Amino acid sequence: MSWSSGSESEESASPNNLIPSLPDDVALNCLGRIPRSQHPTLSLVSKPIRTLLSSPILFTTRTLLQCTQPLLYLTLRSRHSSLLQFFTLHRTNPNNPLLAPLPPIPSPAVGSAYAVLGPTIYVLGGSIHDVPSPNVWLLDCRFNRWLRGPSMRVGREFAAAGVLHGKIYVLGGCVADTWSRSANWAEVLDPATGQWERVASPTEVREKWMHASAVVGERIYAMADRGGIAYEPSSGAWESVGVELDHGWRGRACVVEGILYCYDYLGKIKGFDVGRGVWEELKGLEKGLPRFLCGATMADLGGKLCVVWECQGNENEMEIWCAEIGVKKNSDGELWGQLVWFGKVLSVPKGSSIVNCSSVSL
């Protein structure tokens, strides 16, 4: 099976008679505008439409029509199992959002890095039986199926990853104790060729554990054991991040409209303006959301800040909650959040944990 998530041979050809009495190109234009949340119902209409829904041509059409929608993908790990559970969030009923399960990853690992490119989530490395792996798995979110990707040059766990200009960069996650590991401490994948290439890196930045990462502007930022680093692929420059960003970055972060968001030691959401070099509290949410003292996971959901966190449920269960927040600067230049919705989306066995959340436009 090919690793590529691009065009899928000629099964992508448009089927005939999509809508009786309409030319197929007109019918495709109409069907491409129907929200993805309605596709399960749409598949029951006819066999030609069902075939279309499993064809890349529909997603190409939706992109050309600018009808794609951001969807949240969530990865959970059970306390008593090495298996990872993958879900996507459906909001067909705004008052009853639902996390729908997806097929399990063929080879689960601990400490994988995640990156999103187009309709695909890349799961990079992670340890299998305590051994760092170079494996790469791709979740093609159009069809909810897993594909094997091109292996990295070295095994990694708890690496940093980021996407810039259509290429996937991965930093760290390996002990730079041999020439091979040192030379390949950072590497880049060009999906067009399916090849990983080493990225030259100075000795002073080669930490093993990378706790968090994000792409802001033209740079990939990563937080390591001792301080953070920034890499600019266009110039090949590496540098340490400033003290303000280093001290304030806590937990998993995301970037919305150029502002990096995470939470502080008091559990409040805050944003970092890289240009100004300062942190600011995201105001306007004081009465709407809890304080994230136990952490939260964040994603850019189509220009809105999506926050996912764990809550105590009953004696044997834990609850997963989600919030969608509109973020902007008010007339005084302050970061301001407007709560769009929030609520419980899933109950899981006690001891489960959120591994990752990503946004994919489909």
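The values are calculated or read from the model by the stated rules, or taken from the named source; none is laboratory data. Note that this is a predicted model, so its numbers are computed, not measured. Here Cβ is always computed from backbone atoms with ideal geometry, including for glycine, and neighbour counts include all displayed protein chains.
The table that follows gives values for the structure above.
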| read-out | value |
| --- | --- |
| Lone unmet requirement of (1) more than 21 Å from the chain's Cα centre (by Cα); (2) assigned to a strand (DSSP E or B); (3) among the basic types (Lys, Arg) for residue 344 | (1) |
| Selection count, segment 268-288, where residues are more than 19 Å from residue 231 (Cβ to Cβ), assigned to a loop (DSSP other than H, G, I, E, B) and either basic (Lys, Arg) or at pLDDT 90 or above (or both) | 6 |
| Unique residue being touching a strand residue (DSSP E or B) at 6+ places or on another chain (Cβ under 9 Å) and within 23 Å of residue 188 (Cβ to Cβ) when the list is 142, 148 | 148 |
| Enumeration of residues in segment 286-304 that are buried (at least 19 other Cβ atoms within 10 Å of the Cβ) and of a type in the set (A, V, I, L, M) | 289, 296, 298, 299, 301 |
| Number of positions in segment 217-237 that are out of contact with any Asp or Glu (no Cβ under 8 Å at 6 or more places or on another chain) and surrounded by fewer than 21 Cβ atoms within 10 Å (Cβ to Cβ) | 4 |
| Residue selected from segment 117-135 under the condition more than 24 Å from residue 234 (Cβ to Cβ) and within 17 Å of the chain's Cα centre (by Cα), by the criterion surrounded by the fewest Cβ atoms within 10 Å (Cβ to Cβ) | 119 |
| Residue check, residue 114 crowded, with 22+ Cβ neighbours inside 10 Å, at negative phi, assigned to a strand (DSSP E or B) and among the aromatic types (Phe, Trp, Tyr) | no |
| In segment 238-262, residue farthest from residue 335 (Cα to Cα) [restricted to those that are surrounded by 16 or more Cβ atoms within 10 Å (Cβ to Cβ) and of a type in the set (Val, Ile, Thr)] | 241 |
| The listed residue being in a helix (DSSP H, G or I) and within 27 Å of the chain's Cα centre (by Cα), out of 58, 28 | 58 |
| Out of 209, 196, sole residue that is more than 25 Å from residue 165 (Cβ to Cβ) and either surrounded by fewer than 19 Cβ atoms within 10 Å (Cβ to Cβ) or touching a strand residue (DSSP E or B) at 6+ places or on another chain (Cβ under 9 Å) (or both) | 209 |
| Filter pass, residue 108 being within 24 Å of residue 215 (Cβ to Cβ) and either part of a loop (DSSP other than H, G, I, E, B) or touching a residue at least 24 places away in the same chain (Cβ under 8 Å) (or both) | no |
| Residue among 62, 33 that alone is surrounded by fewer than 16 Cβ atoms within 10 Å (Cβ to Cβ) and under 20 Å from residue 91 (Cα atoms) | 33 |
| Close pairs (6 angstrom Cβ cut-off, 6 or more residues apart or separate chains): within 16 Å of residue 26 (Cβ to Cβ) in segment 55-68, surrounded by fewer than 18 Cβ atoms within 10 Å (Cβ to Cβ) anywhere | 57/12; 57/14; 62/68; 67/33 |
| Residue 158 assigned to a loop (DSSP other than H, G, I, E, B) and either within 29 Å of residue 350 (Cβ to Cβ) or not small (Gly, Ala, Ser) (or both) | yes |
| Near pairs, Cβ below 6 angstrom, 6+ apart or cross-chain, from segment 172-184 (assigned by TED's automatic domain parsing to the domain that holds residue 198) to any residue that is buried (at least 22 other Cβ atoms within 10 Å of the Cβ) and not in a loop (DSSP other than H, G, I, E, B) | 172/160; 172/210; 173/156; 174/156 |
| Pair list, Cβ under 8 Å, 6 or more apart: segment 277-302 residue at positive phi, other residue small (Gly, Ala, Ser) and in a strand (DSSP E or B) | 284/337; 302/359; 302/361 |
